[in-house]
1. Give me a count of the residues in the stretch B:41-81 that are in contact with a Leu (Cβ under 8 Å, 6 or more places away or on another chain) and of a type in the set (Ser, Thr, Tyr).
2. Looking at the structure I just gave you, is A:Lys121 in contact (Cβ under 8 Å) with a residue 24 or more places away in the chain and more than 23 Å from A:Asp302 (Cα to Cα)?
3. Looking at A:Gly151, A:Gly188, which is the one that is within 21 Å of A:Ile108 (Cβ to Cβ) and small (Gly, Ala, Ser)?
4. Would you be able to tell me the number of residues in the stretch A:154-209 that are more than 7 Å from chain B (Cβ to nearest Cβ) and under 17 Å from B:Leu139 (Cα atoms)?
5. How many of the residues making up the stretch A:106-161 are among the aromatic types (Phe, Trp, Tyr) and more than 21 Å from A:Pro248 (Cβ to Cβ)?
6. Quick check on the stretch B:217-225. Is at least one of its residues outside any helix (DSSP H, G or I), more than 10 Å from chain A (Cβ to nearest Cβ) and either buried (at least 21 other Cβ atoms within 10 Å of the Cβ) or β-branched (Val, Ile, Thr) (or both)?
7. Is the stretch B:28-45 home to any residue that is modelled with pLDDT of 90 or more, surrounded by 10 or more Cβ atoms within 10 Å (Cβ to Cβ) and not in a helix (DSSP H, G or I)?
8. Anything in the stretch B:283-326 that is out of contact with any helix residue (DSSP H, G or I) (no Cβ under 6 Å at 6 or more places or on another chain) and polar (S, T, N, Q)? List them, or say none.
Amino acid sequence: MTRMIIALPLAALLAACNNQGGNQASTSSVTQVTGAGSTFVYPVLSAWAADYKSRGGADINYQSIGSGGGISQVKAGTVDFGATDQPLASDELAKSNLAQFPIVIGGIVAVVNIPGLEAGKLRLTGPVLADIYAGKIKTWNDPVIAKLNPGASLPGADIAVVHRSDGSGTTFNFTHYLSQVSPTWKGGPGEGKTVNWPTGVGGKGNEGVAGYVKQIPNSIGYVEYAYVIQNKMTYAQLQNSAGAFVSPSADSFSAAAESADWKNAKDFNLVMTDAPGQSAYPITATTFVLMPKQPKDKAKSDAALAFFRNALEKGQDQAKKLDYVPLPAPLVQQIEAYIAANVK
Amino acid sequence: MNATAADPAELASSPRKSGAGADRAFQLITAGAAWLVLLLLGGVAVSMAWGGRLAFKTFGWHFVTGKDWDVVGGKFGAFVPIYGTLVTSAIALMIAVPVSIGIALFLTDIAPRWTRGPIAIAIELLAAIPSIIYGMWGLFVFAPFMAAHVEPWLSGHFGNKPLIGPLFSGPPIGIGMLTAGIVLGIMVIPFISSVAREVFSAVPAPLKESAVALGSTRWEILSRVTLPYTRSAVIGAIFLGLGRALGETMAVTFVLGNAHDLSASLLMPSNSIAAAIANEFTEADTDLYRSSLIALGFLLFVVTFVVLTIAKLMLLRLNRQLGRTH
């Protein structure tokens, strides 16, 4: 315990030193940009950064300390940009004089471990998923699940629910979806990066949840899409708001991004769950970049913007390779207009 | 030449004078080192209490007794993590104490001389394994074993019994307080057994030889000579292990389930103070949430302090009682 209490300020101190190093480097010819926040975006952001630097661009130093940390760091002005999985409301942005825009999209997938069941063979609806996570549907052969899956042989075993134990943007998007489709969930645990789970065990990080689901028979969990692919996990089809059952895939995530109403979202304050499109996947997560509107260091702010512009326009392949979904072209145009108008 | 030999009195007194000064300085340095620890301890306690003041002010005593940990609703109660910490540590000690004393006794009195070194080294190597490795082993190897073999047997044989039944009911998922307690027990065995081995081998040989001469069995030597002679050191070793078990984070978070649910069953997931802090600190974005986690750290401090104080008092009473009977 004491070790941890000492380690925390030490880590903060190191981070602060790091940042100072960054400030000094900017005076030399190579610009170093510092960012902090979401762990969800870290793999694709670091791939973009490595590629950008190899082609002579600025050095992007991103610390994946979590969305909450990213927001407070960018508000305090210790980093050049922050990244968060939960968009900030316009008034909060205005108070801190921040601009906000989406950078990449990913999907959150319900994964199950039911002996003998193949991937994509289980169909669930949003309210049923909410009832499972609320502990109201307790067994896999519950009539409600059986009705959605005629012909499937589901065991009478208890459902072992797995959720995240750490605060996470993944949990925020997942519970945001459950709140939208289930009034009882909205009135109960609600939405947030950590909620008061009525039942289940908590795994630390996506890898923790994936590990638990693989270890515990008859379990259900939720992880980012990349973990489903890499761990060859059994995913469930989900019913979207148009009534169709869709599998998680890059195409269904893109469909959600295209059908979401970005045009009317002020400062892109939009959580894209339960998107209306016919082939849209219902639980998608967006990572947003936060930047000061009047940056202290114009050179670094410009370098960061150039990096993000490059990522939005040319980073699609790398994003796809890492199982993220690039933003649709009209949205990219909208973002570029927003940046030009807002970040001076 | 003359000058050096001239004043023997001065010659004798001057080194004594500088020696006294050095001695005084040495005393100050050692005292400073000792006081620094106390100062640090006090500083840590005060700064955690200060960091957690918002939580204590908002919830009062309910922070300790409350069972809710509702981040969305902003309601925090530390009862579940405190309970989980104490129960897992208790299970750990129940396993580690007899095993460790057995190991120590075997190594000092029973094992053939040539095996003592290798076994002692192997046990001390257990202490060198990083706790995250214990966590991963617990999750990938031990938890499935518990779920497939141990827990179904436990709930089948004891789940319906009166009194102890509630302790062993629930679905066998392999992750929960019992698994965490056993993993913790394995982790603290080297701490207890290595100290116990040291003190057992410090028992004067004539004492044991006299007992042998009187016809004592090995058990009688252990219970009437070795343990009474080394009692305070062995209890100290046990509490060293307990301190480690109370604060263990990584291994516990892997196998405990990290759920803020209160359940009587040892097979069900729970949470511990250290695991809750490690899991939730990064995304604790409201002041009340962060303050509650720091307050949780303060409570761990208090729990450890109370447990160690009780141990000291027990030891004191034990010594006094024994003093009376002799």
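1. Result for the stretch B:41-81: 1.
2. Working: in contact (Cβ under 8 Å) with a residue 24 or more places away in the chain: yes; more than 23 Å from A:Asp302 (Cα to Cα): yes.
In short, yes.
3. A:Gly188
4. Number satisfying all stated conditions: 10.
5. Summing the residues that are among the aromatic types (Phe, Trp, Tyr) and more than 21 Å from A:Pro248 (Cβ to Cβ) in the stretch A:106-161 gives 0.
6. Yes, that holds for at least one residue.
7. no
8. Hits for the stretch B:283-326 are B:Thr286, B:Thr309, B:Asn319, B:Gln321, B:Thr325.
The values are calculated or read from the model by the stated rules, or taken from the named source; none is laboratory data. Just so you know, these numbers come straight off a predicted model, no measurement behind them. All Cβ positions, glycine included, derive from the backbone under ideal geometry; neighbour counts span all protein chains shown.
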